[in-house]
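S.K.: Quick one: structure below, then a few questions.
The values are calculated or read from the model by the stated rules, or taken from the named source; none is laboratory data. Please read all numbers here as calculations on a predicted model, not as lab measurements. All Cβ positions, even for glycine, are placed from backbone atoms using ideal geometry, and neighbour counts span all protein chains on display. Heavy atoms of the whole protein, side chains included, go into the accessibility calculation; ligands, DNA and RNA do not. Shrake-Rupley method; radii C 1.70, N 1.55, O 1.52, S 1.80 Å.
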Amino acid sequence: MEGLPASVAKRLQAVTYSERAVAYLQVDKNLALVSAGGDLQNYGLATVGVGKPVLDEVFFLQGLLPLLESPYYVPAVELAGGRVADLHLHSEGEWIWVMLLDVTTERDAARRVQQNAYKMTLLQEQEALLNRRLEAANAALLVSQRELQASREALFRAHEKLQRELTEAASYVRSLLPAPMVDPFAADWRFVPSAALGGDAFGYHWIDAEHFAMYLLDVCGHGVGSCLLSIAVLHLLQAGALRDVDFRDPSQLLAALNDTYQMKSNDDLYFTLWYGVYQPVSRRLDYGCAGHPPAVLVNPDAGAVQLLKAKGLPIGMMPGVRYPSETLTVPRQRYLYLLSDGAFEVEHADGTMMTFDEFLAMIVGPASSDSSDLDRLYQTLIANRGSGALEDDFSIVRFAL
């Protein structure tokens, strides 16, 4: 090692010999193995036979001998046992020298680098694939968000349209209701439709000079369908438009309505109805009921009530039903209330339901013809509920008889 200090050259030689597992083969011109030395065991050459043809003893020299070029270098030759060696061959006179330097460590390190590079490439590809998927998912999410926003806007528009229709329907129902009256007796009412608009409707009118009809009906369900049926029935009652039916007879009228409005022909809708006919001169009241809450006759001086009940199924549930009527002579100084179930089926703020007796207690007692009494009743119900609206239509009619 020309130019190197002796100690450095010696140390370098020792390191190379120990770490590279240096071994050598000496071959003559007839390609016979003359001698071998160094760390032959490392390369699986510990048993090579001196004097034997070297190509028979050392397989990896096939094709390299005889040496055509000197020196000759063959890097990273795979040997038996998984070792890797650099081969250095050169001629010197009649001898060919073959030197082996172990580079297994470098090969393994290179493989690890290659494997890591492959892993890195794979990770990059996976990252790129994930990014593409994320981009696609984000794009799909954006489309979904736009569709959802469009659906929300369409739903909002539909809701607004429905609310307008419900408001218009409630206004139309209100326009069909009779005006309050004071002579020959007072009649007043309150009608507050629910947000969903139920099927309440009511009315009163003179059938003839002696008979006064009074009625309140409630179609099942909520919405425009229920409202339309209540309007149709109200028109029929106001116009007396049932042929061969005596509207002064509650039994006959209820039976005729039941035959006319069977639920199978009306989108499975049925309705309840309280119907009465009052004769002011004799103070006679004939009434019938089709599954409806009873009318309430109040004696304000005594603080007593009488429930005007009559048997009968709701209109439309079954054909051929008979509706018996009841008759009552109304004492003087009485208040008669017609009402729907929405007036008393009210949930308290604590979640319990108001009882009918609680409702009766609100209307029993001193009263006046002052219309504010009905307003106070409604406000009391709202206060008991603890919110700004009732769940069902609030319909109540009061007659001072």
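S.K.: Viscosity 0.890 mPa s, temperature 25 °C: give me the Stokes-Einstein translational D for segment 1-98 in µm²/s, with Rh taken as the Kirkwood radius over C-alpha pairs.
M.R.: D = 170 µm²/s.
S.K.: Around Gly44, under 13 Å between beta carbons, what's the net of Lys plus Arg minus Asp minus Glu among the other residues?
M.R.: -3
S.K.: For segment 128-256, what's the radius of gyration and Dmax over Cα atoms, in angstrom?
M.R.: 25.4, 92
S.K.: Using the basic label-point model (7 angstrom from Cα toward the beta carbon), what is the Leu31 to Glu153 distance in nanometres?
M.R.: 8.8
S.K.: I'd like to verify something in the chain: which complete DSSP H helices, judged by Cα projection on the helix axis, reach 24 Å or more and average at least -1.0 on the Kyte-Doolittle scale?
M.R.: The answer, listed by residue number, is 104-176.
S.K.: Might you report the magnitude of the Cβ-based charge dipole of segment 273-355 about its Cα centre, with Lys and Arg at +1 and Asp and Glu at -1, to the nearest 20 debye?
M.R.: Once rounded to the nearest 20, the dipole reads 540 debye.
S.K.: Would you calculate a helix-derived [θ] at 222 nm for the chain, using -39,500 (n - 2.57) for each DSSP H run of n ≥ 4 and dividing by the full residue count, to the nearest 500?
M.R.: It lands at -12000 deg cm²/dmol.
S.K.: How large is the direction-averaged shadow of the alpha-carbon convex hull of the chain, in nm²?
M.R.: So the mean shadow area of the Cα hull is 43.9 nm².
S.K.: How big is the Kirkwood radius of segment 112-176, worked out from every pair of different alpha carbons and given in Å to one decimal?
M.R.: 16.5
S.K.: Hey, another quick one. Between Glu92 and Lys52, take the C-beta separation as r, use R0 = 22 Å, and let me know the FRET efficiency to the nearest 0.05.
M.R.: Step by step, r from the Cβ atoms, then E = 0.55.
S.K.: Any number yet on Rg/Rh for segment 295-401, C-alpha, Kirkwood?
M.R.: Rounded to two decimals, Rg over Rh is 1.01.
S.K.: Okay, moving on. Residue separation times 0.36 nm, minus the C-alpha to C-alpha distance between Ala349 and Leu68: what's the value?
M.R.: Stretched fully, the Ala349-Leu68 segment lengthens by 90.3 nm.
S.K.: Let me ask something else about it. For segment 179-400, build the convex hull from the C-alpha positions and give me its volume per residue in Å³.
M.R.: Expressed per residue, the convex hull around the Cα atoms of segment 179-400 is 120 Å³.
S.K.: Taking a probe of 1.4 Å, how large is the accessible area per residue of segment 179-400, in Å²?
M.R.: 44
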